[in-house]
Amino acid sequence: MRPDLEIIQNWIEPGSRVLDLGCGDGSLLDFLKTSRSIRDVGLEIDPLNISRCLEFGVNVIEQNLDNGLANFQSNSFDTVLLTQTLQALSNPDLLIEEMLRVGKNGIVTFPNFGNWKSRFYLSTKGRMPVSKFMPYEWYDTPNIHFCTVKDFDALCVGKNIKVLTRTVVDSQHQGNWYMKAWPNFLGEIAIYHITRT
Amino acid sequence: MTDSNSSDSVGLVTPQVLHFDEPLTLRSGKVLPAYDLIVETYGELNADKSNAVLICHALSGDHHAAGYHTTEDQKPGWWDQCIGPGKAIDTNLFHVVSLNNLGGCAGSTGPASINPETEKYYGPDFPVVTVRDWVKSQVALSDRLGIDRWLAVVGGSLGGMQVLRWAISYPERLHHAIAIAAAPKLSAQNIAFNEVARHSITSDPNFYEGHYLEKGTYPKQGLMLARMVGHITYLSDSAMRAKFGKTVADFEGQGNNFGRDLRSGKLSFGFNVDFQVESYLHYQGERFSENFDANTYLLMTKALDYFDPSVDYQGDLSRAFAKSDCKFLLLSFSTDWRFPPERSREIVNSLLKAEKDVSYLEIEADQGHDAFLLPIPRYIDAFSIYLNRAHKEIIANAS
């Protein structure tokens, strides 16, 4: 199993109600339905992804996250997921607040722009980093709000959000002790388990 | 000759009339002592009767949803785009049941039927029926057919409202509720359009307080007008521009002509029909008035106006769904201004609040409310994927 999924899975209570913001093709919810018997809702805007969700039998609502979550009741979900979507949002800070209103806890994963590869790319080439993992040019990227592990920590402090667990993995979703020691420098994907204080 | 032999058509179909002797108590308190329902079916019912899909029709629909009645028919049933072998509602997988609702005029008991007690036309004395009453009669039909639980109950527009009623009142009798281009209740604007339609019928001198059949006539002008105004609400502005702006090539380089094609190439400078759109509406109204009963039209629009399942729950629709035990699929169309996407989202939000299984798609389509009858690729694909998945789940559970 992918280590990041293993990590996320362990934070999900069996039988709980889970909302996945930007649920893609529904494979994460499908996985959690099998492994954790969750009750699922996914939000997605890409038509092809939505079709894949229907194929999986995952509940999918066509909804743009940039319009907020006003249609969801407070505390109506146990866990709200935001995996690899944060950086594509217009107002990531507002959505983080919203996800912790709707859910009792949240799980956020994002590409860590503080990773040494990004720093090295920018400092040596003087251009915005492009990699196999982040293949877009600056002008056509859907990722409009990059941040680092330290930036996200600061956001959590500023918004009084409690970080239950913070971990990092590389682009192969593997983690190790030295990544844990220098997360902002070595981690490529940051994984946060957060809740309200 | 039609394409009733085509491989994706259900081909020639024959409706059957089922008689019900069990009295039906209506929402109004009135009782219909006995009634007929006319029904068509497509595809084979499996041994454990678990593959049945019920189709609920909209305002002017009927039981003839797919296929042809004779080889001479020019047009197939009203939802032939979606029902047939390999289509979204795949008759290779499903046993599809389609009926004409009570109060209709296509073979089920309605105002144009003879009242056995008086041996005269029911006419205006036919009781006002509601969505709730229709669904009640559809439950009686299910019992007659031996179908304990529908794999899916499906409908668009007013048909979608019947689907919601099924999920609310008979939760144990369906696995999937599919409501397309529906609304949780009509808005004042919707009711206003219905009232214009009704008034145009009732003010026609040939209406005779609804007793026109006894007089051997019918309110043709009123029905035409009702249909014309209704038809405008089914189309979007962009659909009308496309439909009536075919000579767009003449304007090449100057943009399109906003659907202002002329009927005879020049203005008449009189009060005759100048534009194609006018001629089209006249044609639609004319054709409709020859095939539809005016009292039925009044009944159907009232059923629309009265529909509001939240009324029993202090206006909280989510509480209406509390007992629902099916999965929901809702679909809306971007340019539908009769029941726009926001109306479907109201239903979706109530279902989310009630913590029900629901999926919702907002289909980009230019065709307005009519889109639910048309072959829009994303709509048909999603519909088909959903039902195929549902079929797999039922078969997997059975084996």
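The values are calculated or read from the model by the stated rules, or taken from the named source; none is laboratory data. The model shown is predicted, which means the values in this text are computed figures rather than measured ones. Using ideal geometry, Cβ is built from the backbone for each residue, glycine included, and neighbour counts are taken over all protein chains shown.
How many of the residues in region A:142-197 are among the aliphatic types (A, V, I, L, M), within 22 Å of A:Ser131 (Cβ to Cβ) and more than 16 Å from the chain's Cα centre (by Cα)?
2
Considering only residues of region A:73-89 that are at pLDDT below 95 and in a loop (DSSP other than H, G, I, E, B), which is nearest to the other protein chains (Cβ to nearest Cβ)?
Among residues in region A:73-89 that are at pLDDT below 95 and in a loop (DSSP other than H, G, I, E, B), the one nearest to the other protein chains (Cβ to nearest Cβ) is A:Thr85.
Condition first: crowded, with 21+ Cβ neighbours inside 10 Å, away from chain B (no Cβ under 14 Å) and on the phi < 0 side of the Ramachandran plot. Can you find one or more residues in region A:60-72 that meet it?
Yes, that holds for at least one residue.
Report whether or not B:Glu355 is within 8 Å of chain A (Cβ to nearest Cβ), acidic (Asp, Glu) and in contact (Cβ under 8 Å) with a residue 24 or more places away in the chain.
No.
For the structure I just gave you, tell me whether B:Ser318 is touching a residue at least 24 places away in the same chain (Cβ under 8 Å), in a loop (DSSP other than H, G, I, E, B) and touching a Lys or Arg at 6+ places or on another chain (Cβ under 8 Å).
Judged against the criteria, B:Ser318 is not a match.
Restricting to region A:1-19, name every residue that is in contact (Cβ under 8 Å) with a residue 40 or more places away in the chain and either in a loop (DSSP other than H, G, I, E, B) or within 13 Å of another protein chain (Cβ to nearest Cβ) (or both).
A:Arg2, A:Trp11, A:Ile12, A:Glu13, A:Ser16, A:Arg17, A:Val18, A:Leu19
Looking at A:Trp177, A:Trp116 in this structure, which one is modelled with pLDDT of 90 or more and over 19 Å from A:Glu98 (Cα atoms)?
A:Trp116
Any idea which of B:Thr109, B:Thr91 is under 18 Å from B:Pro127 (Cβ atoms) and buried (at least 21 other Cβ atoms within 10 Å of the Cβ)?
B:Thr109
Could you say whether any residue in region B:380-396 is buried (at least 22 other Cβ atoms within 10 Å of the Cβ) and more than 10 Å from chain A (Cβ to nearest Cβ)?
no
Here are the criteria: (1) outside any loop (DSSP other than H, G, I, E, B); (2) without any contact (Cβ under 8 Å) to a residue 24 or more places away in the chain; (3) not hydrophobic (A, V, I, L, M, F, W, C). Tell me which single one A:Asp66 does not satisfy.
Tallying (1) outside any loop (DSSP other than H, G, I, E, B); (2) without any contact (Cβ under 8 Å) to a residue 24 or more places away in the chain; (3) not hydrophobic (A, V, I, L, M, F, W, C), A:Asp66 fails exactly one: (2).
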